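All remarks here apply to the structure that follows.
Just so it is clear, none of the values below were taken in a lab; they were calculated from the coordinates. Note that this is a predicted model, so its numbers are computed, not measured. Cβ sites come from the backbone with ideal geometry, for glycine too, and all protein chains shown count toward neighbours.
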Amino acid sequence: MTVQDQATHPEVADLGDFTAAWQGWHAGQEARLADPHAFLAITSLHWLTETPQRFGDAAGAWHTGPDGVTVELADGEELVIGGAAVRGRYSFGVIPELGGVNAGWGDAVIEVAKRGGHDIVRRPSGCHTATPTCPARNEDGFGAQLSTEPWQYRRSGGPAISSPCGRPAY
């Protein structure tokens, strides 16, 4: 059965609705990935310890402990968290696994998060604008025409048959 055959099959939902919904999701996914501060734009990752550390791409001295992540901002340093400017000592508290808080620093964004049970500070470059992708469909409709052949294997004592990558399959 081909995709075109499915369009006339009674148990298959309307492909037009599915295609439109998928295209909407795909466009949103591409926009999220192309955001200048999204995951694909991260250019530095710092694992926090109990000893305060300064990083060249983030304001303040950062550390973690039982009470969570804390940053000590020097005179003249400022972060914007939740729309409010903070100076001096700021505690992010305990961040849940896969959770995170974004802090603005000038035009940059600093993400404070927990991954794998460890507190981290990571910084997107801010200049990421696109992710090259393969087209989801071709101009004729959906994807490429494919064919399949039954997999051949070597039976005990029989000749070796080549695998799809050209190496002997045993």
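Applying 1/(1 + (r/R0)^6) with R0 = 30 Å to the Cβ-Cβ distance of Gln29 and Arg87 gives a FRET efficiency near 0.20. When you count the other C-beta atoms within 10 angstrom of each residue and take the mean per peptide, 59-67, 20-28 line up highest first as 59-67, 20-28.
Only the Cβ atoms of Lys and Arg (+1) and of Asp and Glu (-1) were treated as charged; on that basis the dipole of segment 39-124 about its Cα centre amounts to roughly 160 debye. For segment 39-124, the relative contact order is 30 percent, taking Cα pairs closer than 8 Å that sit 6 or more residues apart in sequence and dividing their mean separation by the residue count.
Full extension of the chain segment joining Thr43 with Val101 gains 19.2 nm, where the gain is 0.36 nm per residue of separation less the Cα-Cα distance.
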